[in-house]
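What follows is a single structure, written as structure tokens, with notes after it.
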Amino acid sequence: MENIHYIGLDIHKKMIAFCIKTYGGDLIKRGTLPATRKALNKWLKSMTEPWIVAMEATLFSGWIYDFLKPYAKDIKVAHPEMLKAITAAKKKNDRDDAEKIADLLRVNLLPECYMAPEDIRELRRILRYRNYIVRTAVKEKNKISGLLMEVGAQYNKKRLHGRKYFAELLDNIENVPESVLNMLRLSRSNLDIFTDIQKKLVNTLKDNTLIRDRVKRLLTIQGVGEITALTWVLEIGEPERFHSIAKAVSYCGLCAAQKESGGKSFRGPISKKRNKHIQTVLIEAAKLAPQWNPQLAEVHRKELKKGNRNKATLAVARKLVAYMLAVDKSGLEFQVKENEMAA
């Protein structure tokens, strides 16, 4: 233990501040280096003792984590919000931040967060890009509607984005400037491109051997579709890290923030400390799932009796989390218990 060096890294886009200490807290070295693979490789060659490194989770941490992992005795990633709460101080700079991370690491007080395996992070990046493409496609649809409304053109809202109807609309539309027609054609062309791209990305993900079996098992739950299953698998990562349904529900942002003091407990709105990507998908799935799943429909009906539609949707989403976590952990297809069927 005495021979191991503890390294704290404060990572930024172009620069990395580092601090190296012994187990007893003696400073070995501190400084900065460019945030490049070449600079990191040169820095690694200067290491003479085994070392453990810690860094804060940021947009730039992923590639550095993957680059250092083969060389480090251990590598840890700190939760940024918890780290900020622990290390809050009047004086703040990159070198001090790196030293604080090194100190928390060596005394085993670092607030660690989960780091998904590299192959899962790669697939997750593809899924999030697909979601970005879908949002962009929605903007194009809204732009098409907006252009038609600007010039007073009449159209069938439900059929507008069908290829055949749209082509007929442009051929028969009257009193519309040529510039607007050109913009409509361009928007339609972009929409077709975005639609094709997102379909290809989804096919790439669902056919991947790494996650294919997990996705297929999740699809045995009535009301769970491809996107919901893919999002669950890639955003959750390893389901074993959740020791209870409550932990998974909290991670998905489906519970309220709790404040308790002086014997009084207060529940606020849904917590913003969550994985926003999976939260959005689960809430959207919960709005449709009761149409296909009798058990979820019953959950929705009971909650709806209390008069709050949003709380009913959240209740369904939490039940979905329970179902998916059970299937993912067990490795078995979904089966409804007898007591749930009777209910």
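Numbers at a glance
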read-out	value
Entries in Lys14/Lys200; Lys38/Lys200; Lys247/Lys302 that, when Cα-Cα distance is taken, lie over 26 Å	Lys14/Lys200; Lys38/Lys200
Förster-model FRET efficiency, 41 Å R0, Ile173 and Tyr132, C-beta, rounded to 0.05	0.85
For Leu169, net neighbour charge (Lys/Arg +1, Asp/Glu -1) across residues whose Cβ lies under 12 Å away	+3
Separation in nanometres of the label points that stand 7 Å from Cα toward Cβ, at Asn3 and Glu81	4.2
Separation in nanometres of the label points that stand 7 Å from Cα toward Cβ, at Lys337 and Asp119	3.4
DSSP beta bridges in the chain [antiparallel fraction, %, rounded to 5]	65
Over 26 Å (Cα to Cα) - which of Lys216/Lys305; Lys305/Lys337; Lys84/Lys276; Lys29/Lys92; Lys157/Lys199; Lys13/Lys42 fall in this group	Lys216/Lys305
Net +/- balance of residues flanking Ile64 in space, Cβ distance below 14 Å, scoring K and R +1, D and E -1	+3
Principal axis dimensions, region 212-342 - Cα atoms, whole angstrom, descending	48, 33, 25
Dipole in debye (nearest 20) - the chain, about Cα centre, beta carbon charges: Lys, Arg +1; Asp, Glu -1	760
Length added when fully stretched, Lys287-Lys42, from 0.36 nm per residue minus Cα-Cα	82.9 nm
Kyte-Doolittle mean at least -1.0, axial Cα span of 20 Å or more - DSSP H helices of the chain	118-150, 178-206, 309-330
Per-residue ³J(HN,Hα) for region 208-219, Karplus 6.51 cos²θ - 1.76 cosθ + 1.60, θ = phi - 60°, Hz, x for Gly and Pro	5, 5, 5, 10, 4, 5, 4, 5, 4, 5, 5, 6
Filtered trypsin sites (Lys or Arg not before Pro), region 1-96: DSSP coil and at most 16 other beta carbons within 10 Å	Lys13, Lys14, Lys73, Lys90, Lys91, Lys92
Separation of alpha-carbon centers, region 138-178 and region 26-55, rounded to whole Å	59
Residues whose placed amide H lies under 5 Å from that of Met15, excluding near-sequence neighbours	Ala35
The chain: most fluctuating residue of Gly31, Gly223, Gly162 per GNM, C-alpha cutoff 10 Å	Gly162
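We did not get these values from a lab; they are worked out from the coordinates using the rules stated. None of these values were measured; they are calculated from a predicted model. Virtual Cβ from ideal backbone geometry, glycine too; neighbours counted across all protein chains shown.
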